[in-house]
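Each reported figure results from applying straightforward, stated rules to the coordinates on display, with no laboratory input. For clarity, every value in this text was computed on a predicted model and none was experimentally measured. Note: ideal-geometry Cβ built from the backbone for every residue, glycine included; neighbour counts use all protein chains shown.
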Amino acid sequence: MADLSLSGLATGMDTDSIINQLVQLEQRPIYNYQQEISELEQTKGAWRDINTRLDNLESKITDLKLSSTYNSRTTNSSNKDVVTATAANSANEANYDITVNQVATAQRLIGARKTGFSAAADDVITLNGTDVNISVGDSLSDISTKINDANSGYSASVIDDVLVIEAEKTGVANALVDGTTPTISDNSGILVDLGILDGAGNFTNEKAATDAKVEINGITGITSASNEITDAVAGMTFSIHPGAAAGSTATISVAKDTGKAIKAVQAFVNQYNSVMDFMDSKSGYDAETEEGGILQGDGTVMRLQMRLRELVTSKVKDTGNYQTLNSVGIEIDRDGVMSFDSAKLTEALETNTEEAMNLFQAESGTEGYDGMAVRMDSYLDQVLQSNTGLIPRRLDLYDNQIEGLNEDIADVQRRVEMTRQRYVEQFAAMEEAISEMQSQQNWMQSQLQNMGGSTVTSMM
């Protein structure tokens, strides 16, 4: 009788390997779902990038809708060590001859040299109605710190054992004086001890505050507590240099600042090209690699590109010298690339600022038509608006599809585990059955051997 004994498991088979191979067949749908998820993630990523680029484009469009982009003013000073200026959009184009007769300065109170100073008693210094508590034994440094921490409008420092108190703002109105009477006081005479006041309550060493005094185009009597002259000319702020000498002069010139508009339009052109180039790369076909972009064949991309191109190439209005963006130097070539001739826009802004800027920011409620920036901003709102916009809805759709596929994967994994368990149970039952058969065979062989041995003995 043939020997049926098996080494290892009853069957001698690698059941774990067999089960894994059988289960692998059941897992095939998972691989397909994962492939679908990977493609959806790539598609979603491409649309997310388009969304980001369009959002950046909308921010550039916002600048083109602002009148300040086109109406800004630039100023130039013939001597910046005397005076500089800034101009609001409403400022007139003009020249201003400035004569500085006096600069604004802050009051400074200088004490006496007090080496090793220590407050003899508790005291309270009152600065502009703010109390500063001084303790017995306080040093000059302690007193300086307490004044600085009091937020009274005055600061203090110690220079070569001398306490110096200075107003934080320039001008006579910000000085510690009422007429000729000091408005700094104490309770126990520490200001006299410090050398700030004399025994009669007067300043011992004061650098008096001054107001700025200037002449503008021959107009005298213009004063300011600070070195910023803001009320003399509408829309203008003149900044007097603190070191300007009395009688020094400079001329401020105010002109249109077309540079701001040029910069804003160039930023728009660059971002527009970035958007279109990216969409081309994701929806086009590369003949060299023979591969198409992840969005190839997506009609939404094509419609989006067509609409953007239409918004910048179509006529904005039917009358006037500037009816299209082309008339101010913005063109699109046959490959869809936008270019910008800044000289044309500069000329248009200098010739007719209002008409040129209305090409971008006019609104139908006031001008009877919408400028390009207004139209494109409205369209981009429809595309980008959270929850309702075209792209956010697409991204939500991809998220839902991915979520559904992950649920499908989870279902398959549950079925696979159930299948694996069934195979384990079946193989276990087979092993048990074969093991029982093997045991019976061994018993039978043992009995046959015993029977053979007994026969031989009896015959002898």
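When the Cα positions of N321, T62, A150 are compared along the charge dipole of the chain, N321 comes out farthest toward the positive end, with charges on each C-beta of Lys, Arg, Asp and Glu.
Hydrodynamic radius of the chain by the Kirkwood approach over all distinct alpha-carbon pairs: 32.3 Å. The distance separating the Cα centre of the stretch 300-358 from that of the stretch 36-84 comes to 18 Å. The P(r) of the stretch 108-207 has a tail past 22 Å containing 18 percent of all C-alpha pairs. Using R0 = 35 Å, the C-beta based FRET efficiency linking T388 and V337 works out to 0.65. Just list whichever of K169/K213; K60/K317; K169/K207; K65/K317; K80/K263 have alpha carbons separated by over 18 Å in the model shown. Violating the 18 Å limit, Cα to Cα: K60/K317; K80/K263.
What is the Rg over Rh value, at two decimals, for the stretch 64-170, using alpha-carbon atoms and the Kirkwood definition of Rh? Using Cα coordinates only, the ratio equals 1.27.
State the extension gain, in nm to one decimal, for the chain segment bounded by D142 and T126, taking 0.36 nm per residue of separation less the distance between their alpha-carbons. Kindly include the intermediate steps, with their values, before the conclusion.
On the way: separation 16, 0.36 × 16 = 5.76 nm, distance 1.61 nm.
My answer for the length gained is 4.2 nm.
When you filter the GluC sites (Glu not before Pro) in the stretch 272-301 for DSSP loop state and at most 10 other Cβ atoms inside 10 Å of their Cβ, you are left with E288, E290.
If we count trypsin sites (Lys or Arg not before Pro) as exposed when they sit in a DSSP loop and have at most 16 other beta carbons within 10 Å, what is the longest stretch of the chain that avoids them all? After excluding every exposed loop site, the longest remaining stretch is 170-314.
Site pair N92 and A173 shows an inter-label distance of 2.6 nm when each label is modelled 7 Å from Cα along Cα→Cβ. Proximity of backbone amide H atoms, modeled 1.01 Å from N, is registered between G171 and T105, A106, Q107, T210 at under 5 Å, excluding neighbours fewer than 5 places apart on the same chain. Using C-alpha pairs under 8 Å with a sequence gap of at least 6, the mean separation divided by the residue count of the stretch 265-392 gives a relative contact order of 15 percent. The mean sequence separation of alpha-carbon pairs under 8 Å and at least six residues apart, normalised by the residue count of the chain, gives a relative contact order of 22 percent. Placing a pseudo-label 7 Å from each Cα along the Cα-to-Cβ vector at A433 and E347 gives an inter-label distance of 9.7 nm. Arranged from fewest to most other beta-carbon atoms within 10 Å of their beta carbon, S155, S339 become S339, S155.
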